[in-house]
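Take a look at the structure set out below.
The values are calculated or read from the model by the stated rules, or taken from the named source; none is laboratory data. Just so it is clear, the model here is predicted, and its values are computed rather than measured. Positions of Cβ are generated from backbone atoms using ideal geometry, with glycine treated the same way; all protein chains shown enter the neighbour counts. The accessibility values were calculated without ligands, DNA or RNA, using every heavy atom of the protein model including side chains. Shrake-Rupley method; radii C 1.70, N 1.55, O 1.52, S 1.80 Å.
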Amino acid sequence: MRRPRPRTYTPTAAEAAAWADALIPHQLLHAAVLAPNGQWLVQDTPETRVRVLDGPAAMVDLAAEIQHRLRATRNRTR
């Protein structure tokens, strides 16, 4: 797993929710649910275990990791 870049701002819950809403329809995540305590419950596929992410920053970091993985795969196929 790659290291996230140093952050110059703190992601909001709304930003994390926007990323979740974008990743799910493209089948890059199976599910992402905001828990009442601010954590995110995410599942990559229906068969994988649910992971607990600690807040909006972790959700945004996951989105960045997925983007990085997609870009790396595209670059290898060119």
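With all protein chains present, how much of the accessible area of the chain (probe radius 1.4 Å) comes from carbon and sulfur, to the nearest whole percent?
55
Using just the helices of the chain, give the 222 nm mean residue ellipticity in deg cm²/dmol: DSSP H runs with n ≥ 4 each add -39,500 (n - 2.57), and the total is spread over all residues, rounded to 500.
The helix contribution divided over the chain gives -14000 deg cm²/dmol.
With every protein chain kept in place and ligands, DNA and RNA left out, what is the accessible area per residue of the chain? Probe 1.4 Å, answer in Å².
Solvent-accessible surface per residue comes out at 75 Å².
With +1 on each Lys and Arg Cβ and -1 on each Asp and Glu Cβ, and nothing else charged, work out how big the dipole of the chain is about its Cα centre, in Debye to the nearest 20.
So the magnitude is around 580 debye.
Identify, among Thr8, Ile24, Val50, the residue whose Cα sits farthest towards the positive end of the charge dipole of the chain, taking +1 on the Cβ of Lys and Arg and -1 on the Cβ of Asp and Glu, with the dipole about the Cα centre.
Thr8
With a cut-off of at most 16 other beta carbons within 10 Å, and DSSP calling the residue loop, which trypsin sites (Lys or Arg not before Pro) in the range 1-61 qualify? Please list them.
Arg2, Arg7, Arg49
Rounded to the nearest 0.05, what FRET efficiency do Thr73 and Ile24 give with R0 = 22 Å and r taken as the Cβ-Cβ distance? Could you check?
With R0 = 22 Å, the Cβ-Cβ based efficiency is 0.70.
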